[in-house]
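Beneath this line is the structure, given in structure tokens, with notes to follow.
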Amino acid sequence: MKVRSISDYPRDPRMKAFEFQASINPNETLPVPSEVATQLHPEQPVRVLILVPEPADQAAWARLTAEQFLKGYDDSDAIYNDLSAL
């Protein structure tokens, strides 16, 4: 099975979204709550998006990167904040 990025899919405004939390079972299946499953037809194709928390070290790196970037910002750079006037 090919796993694709969310950006690889065309947007379809006719899609209905369900949100719930679940954990992967030891047999590598994902349980679907009955209140969601009853709204689906058997064998109906579905699109699955799995969101997982970022590891703490990646979040820390992102924060550090932003902090270091902003340290290089100087008040004289403010002239670039409003380029729409050009």
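The values are calculated or read from the model by the stated rules, or taken from the named source; none is laboratory data. Since we're looking at a predicted model, the values are computed, not measured. Here the Cβ positions follow ideal geometry from the backbone for every residue, glycine too, while neighbour counts run over all protein chains shown.
May I ask you to list the residues in the stretch 27-86 that are within 30 Å of ARG11 (Cβ to Cβ) and either in contact with an Asp or Glu (Cβ under 7 Å, 6 or more places away or on another chain) or of a type in the set (Lys, Arg) (or both)? The one that is within 30 Å of ARG11 (Cβ to Cβ) and either in contact with an Asp or Glu (Cβ under 7 Å, 6 or more places away or on another chain) or of a type in the set (Lys, Arg) (or both): ARG47.
Screening GLU54 with (1) at pLDDT 85 or above; (2) surrounded by 10 or more Cβ atoms within 10 Å (Cβ to Cβ); (3) among the charged types (D, E, K, R) gives one miss only, at (1). Scanning the stretch 45-66 for residues that are under 28 Å from THR29 (Cβ atoms) and among the charged types (D, E, K, R) returns ARG47, GLU54. All conditions but one from (1) modelled with pLDDT under 85; (2) surrounded by 10 or more Cβ atoms within 10 Å (Cβ to Cβ); (3) more than 21 Å from the chain's Cα centre (by Cα) apply to ALA37; the one that does not is (1). Please tell me if ARG63 is charged (D, E, K, R), surrounded by 10 or more Cβ atoms within 10 Å (Cβ to Cβ) and out of contact with any Pro (no Cβ under 6 Å at 6 or more places or on another chain). Taking the combined requirement at face value, the residue satisfies it.
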